[in-house]
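What follows draws every value from the coordinates through simple rules; no lab data is involved. Please read these numbers as outputs of a predicted model, since none were measured by experiment. So basically every Cβ, Gly included, is an ideal-geometry build from the backbone, and we count neighbours across all protein chains shown.
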Amino acid sequence: METPDKVEVHSVAACKHCGSDLASSPVILHKCRQVFELPEIRLNVAEHLAEIKLCPNCQKETEAEFPTGITQPVQYGARVQALAVYFNQYQYVSYLRVQEIFQDLLGAPISQGTLANMLVRAHDNLSQHDQDAKEHVVASSLAHFDETGMRVNGKLHWLHIASTNCVTHYEIHEKRGGKAMEDIGILPRFKGTAVHDHWSSYFAYGCEHSLCNAHHLRELLFAEEEYQQRWANQLAICLTDALKEVDAAKADSKTALPPERVIYYERRYSRILREGKAELPLVSTSTVVKRGRKKQHKVKNLHDRLRQNKAETLRFISDFSVPFDNNQAERDARMAKLKQKVSGCFRSPQGAETFCRIRGYVSTARKQGKNIFESLTSVFTGEPMALV
């Protein structure tokens, strides 16, 4: 560092060769070594004294106001609360281990009840930010959607993800489909392009749709390897060839493929599916006779889905703003799944809601290049990070 916090000079008293006194000799050069070290970690205690004065006229007392946020005789400040939430909600450190960290590093005995209150306070302070994040997704021209199972109080719930490249919104719900989407209130008002994994409930909404081709490639590989479907391999090559051409065009600062190349891939896609129909009867199905409509084989379902949703599958070719896959939502879901892996499940709906709101805020801060700890500190000072 050009400006270190402390400079310590080590003097030469005598010549190590002949023993001559060097105390009064001039220094001709310094050899420098720097040590990066943590300062002593201890809590800084600030005492606030509110004056009380007696009015000489009316003989009544007037008390000064404490600063905003100073509400208890003894309390932790914004940075201490932010640190506790950072460990528990961002790094997924358990309550017990957070207690140990505070005791060992800060000499501060913090109870699990106090930690729980900090999380609730952060949840409440992020109410407006949570609503702003929802509105940001609604107004976006493109958004990613996904859902994944999460257990709350021993019962299966669903974590719904709605995100862009700069905002993440999480919400937990007992349902996976349309009821949850209506209650959350994003998709019913969304008018852009929704990128998702073909869950049928998404198609109830009138926005544009784009399907995740990473899912398709995995399913096509399964069809080829397990059921020897040659058309599946051909279609996977078609999709990857199109992706390579689109990526090359983007790297060349182009905004679209030439119309003839779009038509080429559309026709190639349709031809592969048309010719692949001849392979489908070769796929064996169950010989057990059951009531009701005959269940189709999963490979036939895949073929039908790709045929019926050609435009949604190939949208990334004609619109360069649309990605090839839904990896954005899957990345946003991955950290929430890690929370479940660490903790097992949420013990109450309130705990799940608190996690969703805080984790959505943290994910958004990370996407916007903000410092996570400082962003959490601002939550407890009453000025959460603004969306950009």
- By how many degrees, 0 to 90 and rounded to 10, does the Cα axis of helix 112-125 deviate from the longest principal axis of the chain? 70 degrees
- So for R0 = 30 Å, FRET eff. of K370-N301 from the Cβ-Cβ r, to 0.05, ends up at 0.10
- When Lys and Arg each count +1 and Asp and Glu each count -1, what net charge do the other residues less than 15 Å away from A64, Cβ to Cβ, add up to? -3
- Task: Return the lysines within reach of K367: Cα separation strictly under 18 angstrom, same-chain partners fewer than 8 residues apart disregarded; answer none if there are no such residues.
- Result: K134
- Message: From the helices alone, meaning DSSP H stretches of at least four residues, give me the mean residue ellipticity at 222 nm for the chain, per-run term -39500 (n - 2.57), in deg cm²/dmol to the nearest 500.
- Response: -13500 deg cm²/dmol
- Item | the chain, relative contact order [Cα under 8 Å, separation at least 6], % | 22 percent
- Task: Could you please state, rounded to a whole Å, how far the C-alpha centre of region 80-159 is from the C-alpha centre of region 175-210?
- Result: 26 Å
- Note on the structure: E226 and R347 label points (each 7 Å along its Cα→Cβ direction) are spaced in nm at 3.9 nm
- Neighbouring Cβ atoms within 10 Å as the yardstick, rank I28, I372, I358 fewest first. I28, I372, I358
- Proximal aspartates and glutamates relative to K254, as straight alpha-carbon distance under 12 Å, when same-chain residues fewer than 8 apart are discounted: E245, D319
- So the angle from the long Cα axis of helix 298-308 to the longest Cα principal axis of the chain, reported in degrees to the nearest 10, equals 90 degrees
- Item | Nearest-20 debye value, the chain charge dipole, Cβ charges on Lys, Arg, Asp, Glu | 2080 debye
- Note on the structure: In the list (1) 72, 58, 43; (2) 95, 81, 43; (3) 113, 48, 34, the entry giving Cα extents along the principal axes in Å computed from the coordinates is (2)
- Segment E2-F203, extension gain: residue separation times 0.36 nm, minus the distance between their alpha carbons: 66.5 nm
- So the angle from the long Cα axis of helix 127-139 to the longest Cα principal axis of the chain, reported in degrees to the nearest 10, equals 30 degrees
- Task: Run the quick spin-label model on F36 and E182: label points 7 Å from Cα toward the beta carbon, then report their separation in nm to one decimal.
- Result: 5.6 nm
